[in-house]
Amino acid sequence: MRKRLLPIVAILAVIVAACSSEKTSTSASSSPAADQPAAAAPSGAAQSYTGEIMDSACAAMGSHEMMMKQEGAKDAKECTLKCVAGGSKFALFDAASKTTYQLDDQTKPKDFAGQKVKVTGTLDSSTHTIHVENIEAS
């Protein structure tokens with residue numbers, strides 16, 4: 001029984017830590033832009049950002065692997081949706097640069113959970129949040 005509980009407790013601790021860090025600051029892996037003043041406004045022109053729509057907990061780990069095993073999720077979409085239902089938020093994860101972007105719109109990403117996408121919007125560099133205008137599969 002203890003052997004089964006230990007991994008569950010460890011994963012819950014990771015999720016709680018990820019959710020807590022979202023509320024107080026951007027993740028350590030975000031970027032040097034997080035050091036800019038908090039009063040910085042979003043950039044004027046919309047830009048495109050590519051990556052995978054993930055949940056913030058898995059994005060912080062850089063993979064769905066651990067949560068998929070733990071939750072018994074069959075794919076990235078199911079994992080993302082289960083983690084969001086459990087309290088995580090939708091995020092855009094760029095695997096090439098290992099960058100996680102928070103998304104201000106938590107409705108549009110649901111249709112693209114676990115998919116590679118192109119998000120168009122403006123980046124608020126102080127919070128590392130994309131103000132989403134559009135999301136499309138890539």
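Here are some notes:
- Restricting attention to segment 53-70, the residues that are open to solvent by 10 Å² or more (accessible area, probe 1.4 Å) and either touching a strand residue (DSSP E or B) at 6+ places or on another chain (Cβ under 8 Å) or in a helix (DSSP H, G or I) (or both) add up to 9.
- Any chance LYS69 is modelled with pLDDT under 95 and among the basic types (Lys, Arg): yes
- Residue within segment 71-79 that is open to solvent by less than 20 Å² (accessible area, probe 1.4 Å) and under 25 Å from ALA45 (Cα atoms) present: no
- Meets criteria (within 11 Å of the chain's Cα centre (by Cα) and either buried (at least 18 other Cβ atoms within 10 Å of the Cβ) or over 14 Å from ALA57 (Cα atoms) (or both)) for LEU123: no
- Filter result for SER48 (at pLDDT 95 or above, polar (S, T, N, Q), open to solvent by less than 80 Å² (accessible area, probe 1.4 Å) and more than 13 Å from the chain's Cα centre (by Cα)): yes
The values are calculated or read from the model by the stated rules, or taken from the named source; none is laboratory data. Note that this is a predicted model, so its numbers are computed, not measured. A quick note on method: Cβ atoms are made from the backbone with ideal geometry, for glycine too, and the neighbour counts reach across all protein chains shown. Remember, those area values only see protein heavy atoms, side chains included, never the ligands or the DNA or RNA. Shrake-Rupley method; radii C 1.70, N 1.55, O 1.52, S 1.80 Å.
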